[in-house]
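The values are calculated or read from the model by the stated rules, or taken from the named source; none is laboratory data. Fair warning: this is a prediction, and the values are worked out from it, not measured in the lab. For neighbour counting, all protein chains shown are included, and Cβ atoms are generated from backbone atoms with ideal geometry for every residue, glycine included.
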């Protein structure tokens, strides 16, 4: 078991499967708000769905409308279970707060691999790899 | 955590002021923590972006409706352009369903106490901060105008964070709210003649692309009208990432002068003009008023359109704020413009209206409008002076 310590962006406790990318994500234009599929051309996760996963990526990019895409995903039941970042940008931070998605940043995300079972305790800013 | 809150701010965060205020305070404090702010500061004015239903979608609208359940603005708050003229939408070819949804967006804002004038130039219609005033504005061109031309202080807010500032009357003290972050970083000397709004738009494109996020100090501009400055603000914020610039002799902020190591020549502007001059066959759409046209610009357009007729195959929108349109009606400009077959469109703009597929080519005096017409609507573009735009429309 490895424990990674970071900072709370939005509170909550969940456990689930990690989906990891080293590419930044633009939710507006880069992620289908109805299905949760990453649609940005050439993105490492192109064609994969973030729905129900603990989404691990360096930081967000792109338009501020991206916050509403996270909200749309959550409302449609297609949102990520939680978000883990190296450094959360304002668009993703605001998106997590308005949609109440647990989120943690300042995490050494290279330690996490896709498919691993991980636990998030956002209140304490902790990520645990089983 | 380094962010200190007052008793009232803590109460907001704990829900004493209701659900929407709590959510708003969560947004403000989280942004404060991310950017290392040590406190929150009061803001006296807010401009909210994310108003067009075209951008917001159903989820965005749902969020606004949720916030409107018990949220109320604490300071003067105005809105960015919507996707249509809120009254005359039908004759501009907007469909009923879009119109209904757009009205629901505006109603949600109205319920929260937002002044529902939808314009990207709030400073022209009564949301005018003064020098040194802390505000929270979204809309990149207005942010740039407020910081640079007026000398007010604001970060580039997004839609939800601007709304959060409106509901709490606060923002976190970081970025553009701190004097040390407003110092010029790169010097540019303009050695070119700038004679109209399109020239200033091209200058914004050139400097924006060179400077990225570094704050420019610009010399060599002897004078500029408010309309020319609003054009410069729109394009420098679109093509670069800047929220603030300094122009020697024109803008009010004090800053040490950086070394001038970049010269902008007439040739640079001509090259920029070429990049906004696509090969096109026939122009079918002409747009003036990005950012929203002032009453002075509308008067000029009316003069140019007097006793003329817009060609059957072309559509022309002059976009502006509703109070400015009302003034144009009073002055008779509206009748001149509309009887020539042009549309004086309030509340909306050609970057956020659902125009994709309706036209193929845009002629405009705005470098910013060119950028969004290409990116969002897949139009071919040509940048020209207002006079040339009107000539094209009536040819």
Checklist outcome for this item: By my count, strands (runs of 3 or more DSSP E) wholly in the range A:87-130 with at least 2 residues that are within 19 Å of residue A:67 (Cα to Cα) are A:103-105
Checklist entry - Which ones in the range B:32-51 are surrounded by fewer than 24 Cβ atoms within 10 Å (Cβ to Cβ), within 11 Å of chain A (Cβ to nearest Cβ) and within 23 Å of residue B:122 (Cβ to Cβ)? => result none
Checklist entry - Has the range B:60-74 got any residue that is buried (at least 17 other Cβ atoms within 10 Å of the Cβ), more than 26 Å from residue B:224 (Cα to Cα) and away from chain A (no Cβ under 14 Å)? => result yes
Item to check | Set A:127, A:104: member being more than 14 Å from every other protein chain (Cβ to nearest Cβ) and either surrounded by fewer than 17 Cβ atoms within 10 Å (Cβ to Cβ) or touching a strand residue (DSSP E or B) at 6+ places or on another chain (Cβ under 9 Å) (or both) | outcome: A:127
Checklist entry - Can you name every residue in the range B:353-395 that is surrounded by 24 or more Cβ atoms within 10 Å (Cβ to Cβ), touching a strand residue (DSSP E or B) at 6+ places or on another chain (Cβ under 7 Å) and part of a loop (DSSP other than H, G, I, E, B)? => result B:365, B:366, B:379
Checklist entry - If you take just the strands (runs of 3 or more DSSP E) that sit entirely in the range A:1-50, which of them hold at least 2 residues that are in contact (Cβ under 8 Å) with a residue 60 or more places away in the chain and more than 15 Å from the chain's Cα centre (by Cα)? => result A:2-5
Checklist outcome for this item: Screening B:158, B:187, B:175, B:132 for residues that are surrounded by fewer than 24 Cβ atoms within 10 Å (Cβ to Cβ), within 13 Å of chain A (Cβ to nearest Cβ) and over 20 Å from residue B:296 (Cβ atoms) leaves only B:175
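Specify which of the listed residues (B:76, B:56) is touching a helix residue (DSSP H, G or I) at 6+ places or on another chain (Cβ under 7 Å) and touching a residue at least 12 places away in the same chain (Cβ under 8 Å).
So the residue among B:76, B:56 that is touching a helix residue (DSSP H, G or I) at 6+ places or on another chain (Cβ under 7 Å) and touching a residue at least 12 places away in the same chain (Cβ under 8 Å) is B:56.
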Checklist entry - Of the residues that make up the range B:5-17, is at least one within 14 Å of chain A (Cβ to nearest Cβ), in contact with a helix residue (DSSP H, G or I) (Cβ under 6 Å, 6 or more places away or on another chain) and closer than 26 Å to residue A:62 by Cβ? => result no
Checklist entry - Would you pick out the residues in the range B:257-302 that are part of a helix (DSSP H, G or I), touching a helix residue (DSSP H, G or I) at 6+ places or on another chain (Cβ under 7 Å) and within 14 Å of residue B:370 (Cβ to Cβ)? => result B:272, B:273
Next on the checklist: Being modelled with pLDDT under 95 and farther than 23 Å from residue B:344 by Cα: is that true of residue B:58 here?
Outcome noted: yes
Checklist outcome for this item: Within the range A:73-84, the count of residues that are at the interface with chain B (Cβ under 8 Å from one of its Cβ atoms) and touching a residue at least 60 places away in the same chain (Cβ under 8 Å) comes to 0
Item to check | residue A:62, sole failed condition from (1) surrounded by fewer than 22 Cβ atoms within 10 Å (Cβ to Cβ); (2) free of Cβ contacts under 8 Å to residues at least 24 places away in the same chain | outcome: (2)
Item to check | From A:51, A:63, A:87, residue being closer than 20 Å to residue B:58 by Cα and facing chain B (nearest Cβ under 10 Å) | outcome: A:63
Next on the checklist: One residue is enough: does the range A:65-75 have a residue meeting the conditions buried (at least 23 other Cβ atoms within 10 Å of the Cβ), over 25 Å from residue B:138 (Cβ atoms) and under 11 Å from the mean Cα position of the chain (by Cα)?
Outcome noted: no
